[in-house]
Amino acid sequence: MDTLDPIDALMLTGELVSSPMHVAALLIMTPPPGEDARTCVDRMHQESLTATEEIDPRLRRRPHRGVETGGMWVWRDVPDIDLSQHLERRTLPAGSGSAADLWELVSELHAERLDRSAPMWTAHLIDGLDDGRFAFYIKVHHIVIDGVAGLQMIGDSLSTDPDRREMPPFYAAKTTTEPADGDDGGSPGLPNPLSLLRSTVGTAVSGLNLTRHVLAGELSNLVGSLTTRSVAGPFGAPHTRFNTKLGPHRAVAATSLERARIRAVRQAAGVTGNDVVMAVISGVIRAWLAERDELPDQSLVAICPVTVRSHEQAAADEHGNQFGLGLCPLGTDIADPRERLDLIHQAMANVKHEVADKGPGAMLVVLAPAVFPTVLLPLLPLTSWVPPSYNLPISNVPGPQEQSYFNGARVDEVYPVSVVYDGMALNVTVCSYADRIGMGYVADRDVLPGIDDLIPLTERALAELEDALGVA
């Protein structure tokens, strides 16, 4: 009997009274030359339904619990999958083909829970966009695959050759060896709290020096938070509307920025590209809260995954911890965008140093007592007096680094659509693709109404950084 990992089982049980735990991606695509969007989507949908390739093993099983399993969650293979249950074709209504209309549909799709009686994934081909393009939305439950590995699966199904045809669908099993669940080997995305618990428990017995490193990490965080504003201590974030229990509805919006603009700011400021992206997000959140007279005097704090390992080290140790976690002050209490960028650069440098010095496992253990109360306390009454440790997650995941195609259809944009859960009503995930940086915002619709307002604020935040640094 192939039982689920205990944390995955807890995730399935917990989401019955909490938020669904699935991740997704949205691809915006242009049909091949000589083919319109409707014809292309019809063809792709039909080819996906009738493809003869073997389905990826991760997408062929479903969770099950019953008397015969002793109440435990187990995996059950589904020998005859009805692909029509997983692959849907949609058309935006006439007069509703704008980008805002597309994201409204994606918001509705992302709020829907996945069916547990079948393998927990769906995909939607969507035409009817005003500009003649179409969209491909793919959603997978987190117990099946994480966001980074999901984007890797999508990337592996694409080609840099626009003339290539008869390509297998994304759900087809690959001929190369697939990494085990969670061992994506790439830059980390932020796990949900239960995934973090899995990693924390897994590292709790990883070495004799762990206790020493944990104590050293806790001491560093405590001293640092008292002596410098670039270190965020546990329970050091302000209360915001984002730290609350979620409702059933979701709101999704996204935009993309030119990588060349990010690179120019990075070079002018002497920081990393990730620092620049986080400074842009900080500017967005600061402006959005200020417009509503809700900007705290205290800086908001983000929880961020970091990796300090080289590609060679990752290849040599596929099963080690691939990431550490850190709390990064966003400087939302600072008006000057250059000063905010400098603070974020110092904060992320501190986090990377701590993860490199103490080890990713030790830092996961250090942060676990701060992470779980932030998520769990909003579920309980009369807990508003307990401050959160952070206000939102910010993740940066890699997408295909070259212009890519699927059976001649050009992939123009790739956007992550991540997960939000109680205590974290806003998630910002960044995805690099070709010469663009996709910024995906996901939120509880009732907590963050008007999520579309974040899109012009994103452009404005980057322009303010460019002006502050004299970048043309």
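For the pair T69 and R263, what calculated FRET efficiency results from E = 1/(1 + (r/R0)^6), where r is the Cβ-Cβ distance and R0 = 51 Å, to the nearest 0.05?
Working: r = 53 Å, r/R0 = 1.03.
The formula returns an efficiency of 0.45 here.
Less than 5 angstrom separates the built amide H of L87 from those of A123, all sequence-distant by 5 or more or on a different chain. E294 contributes an accessible area of around 70 Å² to the protein surface, as traced by a 1.4 Å probe with all chains present.
Extending 7 Å from the Cα toward the beta-carbon at both Q401 and D77 defines two label points whose distance is 3.6 nm. Extension gain for L10 to T160 (0.36 nm times residue separation, less C-alpha to C-alpha distance): 50.0 nm.
Extension gain, A356-H239: 0.36 nm per intervening residue step, less the Cα-Cα distance, totals 39.1 nm.
The values are calculated or read from the model by the stated rules, or taken from the named source; none is laboratory data. These numbers come from a predicted model, not from an experiment. Counting neighbours? That spans all protein chains shown, and the Cβs are built from the backbone with ideal geometry, glycine included. Keep in mind that these areas ignore ligands, DNA and RNA; they rest on the heavy atoms of the full protein, side chains included. Shrake-Rupley method; radii C 1.70, N 1.55, O 1.52, S 1.80 Å.
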